[in-house]
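Each remark here refers to the structure printed beneath this line.
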Amino acid sequence: MSIVVVGSVAYDDVDTTHGNVVDALGGSASYFAVAARFFTPVSVVAVVGSDFKAEDRQRLAERGIDLRALEQKEGRTFHWHGRYHEDMNKRDTVSVELNVFDGFMPNLLADQRRCDYLFLANIAPSLQQRVLSQVSTPKLVAGDTMNLWINETRDDLIKLLSRLDILTLNDEEARMLSGESNLVKAGRAILAMGPRMLLVKRGEYGVLQFSKEGMFAVPAYPLEEVIDPTGAGDTFAGGMMGFLARSGRVSESSLRTAVVYGSVLASFVVEKFSLDRLFELTWDDIDKRYRAFIDLIDSHHARWITQ
Ligand code: AMP
(Lines give C-alpha, C1' and ligand atoms only; values in the text may rest on other atoms or scores of the structure.)
Protein backbone atom coordinates (compact mmCIF):
# COMPACT_ATOMS: atom_id res chain seq x y z
CA MET A 1 0.00 0.00 0.00
CA SER A 2 1.30 3.44 -0.83
CA ILE A 3 2.37 6.22 1.53
CA VAL A 4 1.93 9.97 1.19
CA VAL A 5 4.60 12.09 2.88
CA VAL A 6 4.48 15.84 3.40
CA GLY A 7 7.66 17.58 4.50
CA SER A 8 10.71 19.44 3.28
CA VAL A 9 12.79 18.85 0.16
CA ALA A 10 15.88 20.91 0.82
CA TYR A 11 19.42 21.86 0.08
CA ASP A 12 21.63 21.37 3.13
CA ASP A 13 25.08 22.55 4.17
CA VAL A 14 26.45 20.09 6.70
CA ASP A 15 29.70 20.21 8.67
CA THR A 16 30.96 17.19 10.57
CA THR A 17 34.40 16.21 11.86
CA HIS A 18 34.70 14.13 8.67
CA GLY A 19 34.27 17.05 6.29
CA ASN A 20 31.45 19.09 4.88
CA VAL A 21 28.97 19.38 2.02
CA VAL A 22 27.35 22.47 0.52
CA ASP A 23 23.94 22.54 -1.21
CA ALA A 24 23.51 18.80 -0.83
CA LEU A 25 20.08 17.27 -1.41
CA GLY A 26 18.24 16.87 1.91
CA GLY A 27 14.94 17.58 3.62
CA SER A 28 12.75 15.40 5.79
CA ALA A 29 10.50 14.25 2.93
CA SER A 30 13.46 13.29 0.71
CA TYR A 31 15.07 11.03 3.33
CA PHE A 32 11.72 9.52 4.27
CA ALA A 33 10.66 8.82 0.68
CA VAL A 34 13.91 7.22 -0.48
CA ALA A 35 13.93 4.91 2.57
CA ALA A 36 10.23 4.00 2.37
CA ARG A 37 10.47 3.32 -1.38
CA PHE A 38 12.45 0.15 -0.67
CA PHE A 39 9.19 -1.29 0.69
CA THR A 40 6.26 0.38 -1.02
CA PRO A 41 5.20 3.20 -3.44
CA VAL A 42 5.59 6.74 -2.01
CA SER A 43 4.16 10.14 -3.03
CA VAL A 44 5.90 13.35 -1.94
CA VAL A 45 3.97 16.55 -1.17
CA ALA A 46 6.46 19.43 -0.91
CA VAL A 47 7.74 22.59 -2.58
CA VAL A 48 11.10 23.44 -4.16
CA GLY A 49 12.45 26.58 -5.79
CA SER A 50 13.54 27.39 -9.32
CA ASP A 51 17.12 26.48 -8.28
CA PHE A 52 16.10 22.84 -7.70
CA LYS A 53 18.32 20.82 -9.99
CA ALA A 54 16.80 18.61 -12.67
CA GLU A 55 19.31 15.91 -11.72
CA ASP A 56 18.00 15.87 -8.11
CA ARG A 57 14.41 15.51 -9.33
CA GLN A 58 15.68 12.76 -11.63
CA ARG A 59 17.44 10.91 -8.76
CA LEU A 60 14.15 10.79 -6.81
CA ALA A 61 12.04 9.94 -9.88
CA GLU A 62 14.41 7.13 -10.87
CA ARG A 63 13.65 5.42 -7.55
CA GLY A 64 9.98 5.41 -8.57
CA ILE A 65 8.99 8.16 -6.11
CA ASP A 66 5.79 9.94 -7.19
CA LEU A 67 6.65 13.65 -7.60
CA ARG A 68 3.37 14.92 -9.09
CA ALA A 69 2.78 16.97 -5.91
CA LEU A 70 6.35 18.28 -5.66
CA GLU A 71 5.53 21.87 -6.55
CA GLN A 72 8.22 24.08 -8.13
CA LYS A 73 7.92 27.79 -7.33
CA GLU A 74 9.86 30.90 -8.31
CA GLY A 75 12.56 31.50 -5.68
CA ARG A 76 15.11 29.49 -3.72
CA THR A 77 14.66 26.01 -2.24
CA PHE A 78 14.47 25.64 1.56
CA HIS A 79 18.04 25.78 2.86
CA TRP A 80 19.35 24.35 6.14
CA HIS A 81 22.87 24.50 7.59
CA GLY A 82 23.78 22.13 10.43
CA ARG A 83 27.05 21.58 12.28
CA TYR A 84 27.79 18.46 14.32
CA HIS A 85 29.95 18.34 17.43
CA GLU A 86 32.67 15.76 17.95
CA ASP A 87 29.91 13.87 19.81
CA MET A 88 27.66 13.29 16.78
CA ASN A 89 24.54 13.11 18.96
CA LYS A 90 24.88 16.88 19.30
CA ARG A 91 24.41 19.40 16.54
CA ASP A 92 23.79 23.12 16.12
CA THR A 93 21.55 24.66 13.50
CA VAL A 94 23.74 27.35 11.94
CA SER A 95 20.98 28.77 9.73
CA VAL A 96 17.55 28.05 8.28
CA GLU A 97 16.26 29.84 5.17
CA LEU A 98 12.62 29.02 4.53
CA ASN A 99 12.63 30.55 1.03
CA VAL A 100 9.78 28.99 -1.04
CA PHE A 101 8.66 27.09 2.07
CA ASP A 102 7.41 30.40 3.44
CA GLY A 103 3.73 30.45 2.51
CA PHE A 104 3.68 26.81 1.38
CA MET A 105 0.09 25.56 1.28
CA PRO A 106 0.13 21.82 0.64
CA ASN A 107 -2.70 20.50 -1.53
CA LEU A 108 -3.09 16.78 -2.04
CA LEU A 109 -4.17 15.32 -5.38
CA ALA A 110 -7.47 13.41 -5.48
CA ASP A 111 -5.83 9.97 -5.25
CA GLN A 112 -3.48 11.13 -2.44
CA ARG A 113 -6.52 12.17 -0.38
CA ARG A 114 -7.59 8.52 -0.34
CA CYS A 115 -4.21 7.25 0.93
CA ASP A 116 -4.06 4.63 3.68
CA TYR A 117 -0.68 5.67 5.10
CA LEU A 118 0.28 9.28 5.80
CA PHE A 119 3.54 10.61 7.21
CA LEU A 120 3.57 14.20 8.43
CA ALA A 121 7.29 14.93 8.44
CA ASN A 122 8.79 17.83 10.35
CA ILE A 123 6.92 20.98 9.24
CA ALA A 124 4.71 23.47 11.11
CA PRO A 125 1.90 21.64 12.96
CA SER A 126 -0.69 23.90 11.29
CA LEU A 127 0.48 22.60 7.88
CA GLN A 128 0.48 19.02 9.18
CA GLN A 129 -3.11 19.61 10.32
CA ARG A 130 -4.03 21.06 6.93
CA VAL A 131 -2.77 17.93 5.18
CA LEU A 132 -4.45 15.61 7.64
CA SER A 133 -7.79 17.33 7.09
CA GLN A 134 -7.53 16.60 3.35
CA VAL A 135 -7.14 12.84 3.83
CA SER A 136 -10.41 10.90 4.00
CA THR A 137 -9.94 7.63 5.94
CA PRO A 138 -6.27 6.92 6.58
CA LYS A 139 -5.39 3.57 8.14
CA LEU A 140 -2.29 4.95 9.84
CA VAL A 141 -1.05 8.49 10.44
CA ALA A 142 2.44 9.11 11.81
CA GLY A 143 4.11 12.44 12.45
CA ASP A 144 7.38 13.99 13.47
CA THR A 145 8.17 17.37 14.99
CA MET A 146 11.08 19.40 16.39
CA ASN A 147 12.06 21.78 19.22
CA LEU A 148 11.06 24.85 17.15
CA TRP A 149 7.38 23.76 16.99
CA ILE A 150 7.34 22.51 20.59
CA ASN A 151 8.48 25.96 21.74
CA GLU A 152 6.71 28.25 19.29
CA THR A 153 3.48 26.52 18.25
CA ARG A 154 2.83 24.23 21.19
CA ASP A 155 -0.98 24.58 21.12
CA ASP A 156 -1.17 23.61 17.44
CA LEU A 157 1.08 20.63 18.11
CA ILE A 158 -0.94 19.43 21.11
CA LYS A 159 -4.14 19.59 19.00
CA LEU A 160 -2.52 17.38 16.39
CA LEU A 161 -1.23 14.73 18.81
CA SER A 162 -4.56 13.02 19.49
CA ARG A 163 -4.96 12.46 15.73
CA LEU A 164 -1.66 10.60 15.40
CA ASP A 165 -1.26 6.85 15.55
CA ILE A 166 2.51 7.22 15.86
CA LEU A 167 4.55 10.21 17.00
CA THR A 168 8.32 10.20 16.47
CA LEU A 169 10.56 12.51 18.51
CA ASN A 170 14.16 12.57 19.62
CA ASP A 171 14.97 12.29 23.32
CA GLU A 172 15.61 16.00 23.79
CA GLU A 173 12.27 16.85 22.15
CA ALA A 174 10.45 14.24 24.27
CA ARG A 175 11.84 15.88 27.43
CA MET A 176 10.93 19.34 26.15
CA LEU A 177 7.37 18.40 25.16
CA SER A 178 6.62 16.58 28.43
CA GLY A 179 8.62 18.71 30.87
CA GLU A 180 9.96 15.44 32.34
CA SER A 181 13.70 14.78 32.42
CA ASN A 182 13.28 11.01 32.90
CA LEU A 183 12.58 9.43 29.51
CA VAL A 184 10.15 6.80 30.81
CA LYS A 185 8.09 9.46 32.58
CA ALA A 186 8.35 11.63 29.44
CA GLY A 187 7.08 8.74 27.28
CA ARG A 188 4.10 8.09 29.57
CA ALA A 189 3.25 11.81 29.73
CA ILE A 190 3.33 12.16 25.92
CA LEU A 191 1.14 9.08 25.42
CA ALA A 192 -1.38 10.74 27.74
CA MET A 193 -1.44 13.71 25.30
CA GLY A 194 -3.04 11.51 22.64
CA PRO A 195 -0.82 9.58 20.20
CA ARG A 196 -1.43 5.82 20.19
CA MET A 197 2.29 5.10 20.04
CA LEU A 198 5.46 7.05 20.62
CA LEU A 199 8.88 6.32 19.16
CA VAL A 200 11.72 8.16 20.88
CA LYS A 201 14.85 8.35 18.70
CA ARG A 202 18.03 8.36 20.76
CA GLY A 203 20.76 8.67 18.12
CA GLU A 204 23.50 6.09 18.65
CA TYR A 205 21.51 4.64 21.61
CA GLY A 206 18.68 3.46 19.37
CA VAL A 207 14.91 3.76 19.67
CA LEU A 208 12.48 3.41 22.57
CA GLN A 209 8.87 2.60 21.70
CA PHE A 210 6.01 3.40 24.07
CA SER A 211 2.44 2.19 23.73
CA LYS A 212 -0.30 1.19 26.15
CA GLU A 213 0.98 -2.39 25.81
CA GLY A 214 4.36 -1.36 27.28
CA MET A 215 7.86 -0.48 26.10
CA PHE A 216 10.14 -1.92 23.45
CA ALA A 217 13.77 -0.95 22.87
CA VAL A 218 16.03 -1.44 19.86
CA PRO A 219 19.69 -0.38 19.82
CA ALA A 220 21.26 1.49 16.94
CA TYR A 221 23.35 -0.80 14.74
CA PRO A 222 26.93 -0.25 15.98
CA LEU A 223 29.09 1.32 13.24
CA GLU A 224 32.82 1.96 13.25
CA GLU A 225 32.40 5.29 11.57
CA VAL A 226 29.48 7.73 11.34
CA ILE A 227 30.07 10.32 8.63
CA ASP A 228 26.86 12.39 8.70
CA PRO A 229 23.83 11.73 10.95
CA THR A 230 21.59 14.17 9.03
CA GLY A 231 18.26 12.63 8.08
CA ALA A 232 18.72 9.52 10.26
CA GLY A 233 15.39 10.20 11.99
CA ASP A 234 13.46 10.64 8.74
CA THR A 235 15.17 7.62 7.20
CA PHE A 236 14.22 5.61 10.28
CA ALA A 237 10.60 6.74 9.88
CA GLY A 238 10.68 5.83 6.15
CA GLY A 239 11.94 2.29 6.82
CA MET A 240 9.53 1.82 9.71
CA MET A 241 6.44 3.05 7.87
CA GLY A 242 7.47 1.47 4.60
CA PHE A 243 7.52 -1.91 6.30
CA LEU A 244 4.14 -1.32 7.97
CA ALA A 245 2.53 -0.25 4.69
CA ARG A 246 3.96 -3.26 2.86
CA SER A 247 2.84 -5.70 5.55
CA GLY A 248 -0.63 -4.10 5.59
CA ARG A 249 -0.92 -4.87 9.31
CA VAL A 250 -0.51 -2.51 12.21
CA SER A 251 -0.10 -4.67 15.29
CA GLU A 252 2.30 -4.61 18.23
CA SER A 253 4.38 -7.35 16.56
CA SER A 254 4.48 -5.79 13.07
CA LEU A 255 5.45 -2.49 14.69
CA ARG A 256 8.39 -4.15 16.43
CA THR A 257 9.66 -5.56 13.12
CA ALA A 258 9.05 -2.16 11.53
CA VAL A 259 11.19 -0.46 14.20
CA VAL A 260 14.04 -2.87 13.39
CA TYR A 261 13.74 -2.14 9.64
CA GLY A 262 13.71 1.59 10.38
CA SER A 263 16.87 1.19 12.44
CA VAL A 264 18.51 -0.81 9.64
CA LEU A 265 17.79 1.93 7.05
CA ALA A 266 19.01 4.63 9.46
CA SER A 267 22.25 2.71 9.99
CA PHE A 268 23.02 3.10 6.28
CA VAL A 269 22.20 6.76 5.73
CA VAL A 270 24.78 7.94 8.30
CA GLU A 271 27.63 6.18 6.46
CA LYS A 272 27.86 8.96 3.86
CA PHE A 273 26.83 12.60 3.46
CA SER A 274 23.36 13.58 2.24
CA LEU A 275 21.33 10.75 0.63
CA ASP A 276 24.38 9.30 -1.11
CA ARG A 277 24.37 5.98 0.74
CA LEU A 278 20.61 5.49 0.32
CA PHE A 279 20.86 6.08 -3.43
CA GLU A 280 23.45 3.33 -3.90
CA LEU A 281 21.75 0.87 -1.53
CA THR A 282 20.28 -2.44 -2.76
CA TRP A 283 17.64 -4.66 -1.19
CA ASP A 284 20.38 -7.26 -0.73
CA ASP A 285 22.35 -4.79 1.46
CA ILE A 286 19.23 -4.17 3.56
CA ASP A 287 18.48 -7.86 3.91
CA LYS A 288 22.05 -8.68 5.01
CA ARG A 289 22.10 -5.93 7.61
CA TYR A 290 18.62 -6.90 8.83
CA ARG A 291 19.94 -10.41 9.49
CA ALA A 292 23.07 -9.03 11.18
CA PHE A 293 20.84 -6.76 13.26
CA ILE A 294 18.63 -9.64 14.40
CA ASP A 295 21.75 -11.61 15.29
CA LEU A 296 22.99 -8.62 17.29
CA ILE A 297 19.86 -8.34 19.41
CA ASP A 298 18.86 -12.01 19.69
CA SER A 299 19.63 -13.19 23.23
CA HIS A 300 18.37 -16.75 22.47
CA HIS A 301 16.27 -16.36 25.60
CA ALA A 302 13.69 -18.88 24.34
CA ARG A 303 16.36 -21.58 24.51
CA TRP A 304 17.03 -20.76 28.17
CA ILE A 305 13.37 -20.65 29.07
CA THR A 306 12.62 -24.07 27.52
CA GLN A 307 15.68 -25.82 28.97
P1 AMP B 1 16.99 15.16 10.89
O2 AMP B 1 18.48 14.94 10.87
O3 AMP B 1 16.21 13.88 10.90
O4 AMP B 1 16.57 16.13 11.94
O5 AMP B 1 16.58 15.84 9.49
C6 AMP B 1 17.40 16.77 8.88
C7 AMP B 1 16.69 17.31 7.66
O8 AMP B 1 15.58 18.12 8.09
C9 AMP B 1 17.61 18.19 6.85
O10 AMP B 1 17.80 17.61 5.56
C11 AMP B 1 16.90 19.55 6.78
O12 AMP B 1 16.84 20.07 5.48
C13 AMP B 1 15.50 19.30 7.32
N14 AMP B 1 15.05 20.38 8.22
C15 AMP B 1 15.76 21.03 9.18
N16 AMP B 1 15.01 21.99 9.78
C17 AMP B 1 13.78 21.95 9.20
C18 AMP B 1 12.54 22.70 9.36
N19 AMP B 1 12.42 23.69 10.24
N20 AMP B 1 11.49 22.36 8.57
C21 AMP B 1 11.60 21.36 7.68
N22 AMP B 1 12.71 20.63 7.46
C23 AMP B 1 13.80 20.91 8.21
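The values are calculated or read from the model by the stated rules, or taken from the named source; none is laboratory data. Predicted model only: the values in this text are computed from it and were never measured. Every residue, glycine among them, receives a Cβ derived from its backbone with ideal geometry; neighbour counts consider all protein chains shown. Keep in mind that these areas ignore ligands, DNA and RNA; they rest on the heavy atoms of the full protein, side chains included. Shrake-Rupley method; radii C 1.70, N 1.55, O 1.52, S 1.80 Å.
General observations
- Those trypsin sites (Lys or Arg not before Pro) in the stretch 203-276 that DSSP places in a loop and that have at most 14 other beta carbons within 10 Å: Lys212, Arg249
- Histogram of C-alpha separations across the stretch 1-158, 10 Å bin width, %: 10, 39, 37, 13, 1
- Which of His301, Val9, Gly238, positive extreme of dipole for the chain (C-beta unit charges): His301
- Alpha-carbon spread of the stretch 180-242, three principal axes, descending order, Å: 37, 27, 18
- Structure-based [θ]222 nm, the chain - -39500 (n - 2.57) summed over DSSP H runs of at least 4, per residue, nearest 500: -11500 deg cm²/dmol
- Length-normalised contact order for the chain - Cα pairs under 8 Å, 6+ apart - percent: 17 percent
- Relative to the Cα centre, the charge distribution of the stretch 3-299, modelled as +1 at Lys and Arg Cβ and -1 at Asp and Glu Cβ, gives a dipole magnitude of about 1240 debye.
- Protein accessible area in the stretch 3-299, 1.4 Å probe - carbon and sulfur %: 48 percent
- Both radii are taken from the alpha-carbon atoms of the stretch 109-250; with Rh as the Kirkwood radius, Rg/Rh is 0.96.
- Mean-position separation - Cα centroids, the stretch 17-71 and the stretch 224-271, in angstrom: 17 Å
- In the context of the full set of protein chains, the chain has a per residue accessible area of 44 Å² (1.4 Å probe).
- Residue of Val47, Val264, Val22 that the Gaussian network model of the chain assigns the largest fluctuation, springs spanning Cα pairs under 10 Å: Val22
- Residue range of the chain that is longest and free of GluC sites (Glu not before Pro) which are both DSSP loop and sparsely packed (at most 12 other C-beta within 10 Å): 87-212
- Whole-angstrom Cα spans of the chain along principal axes, big to small: 68, 40, 37
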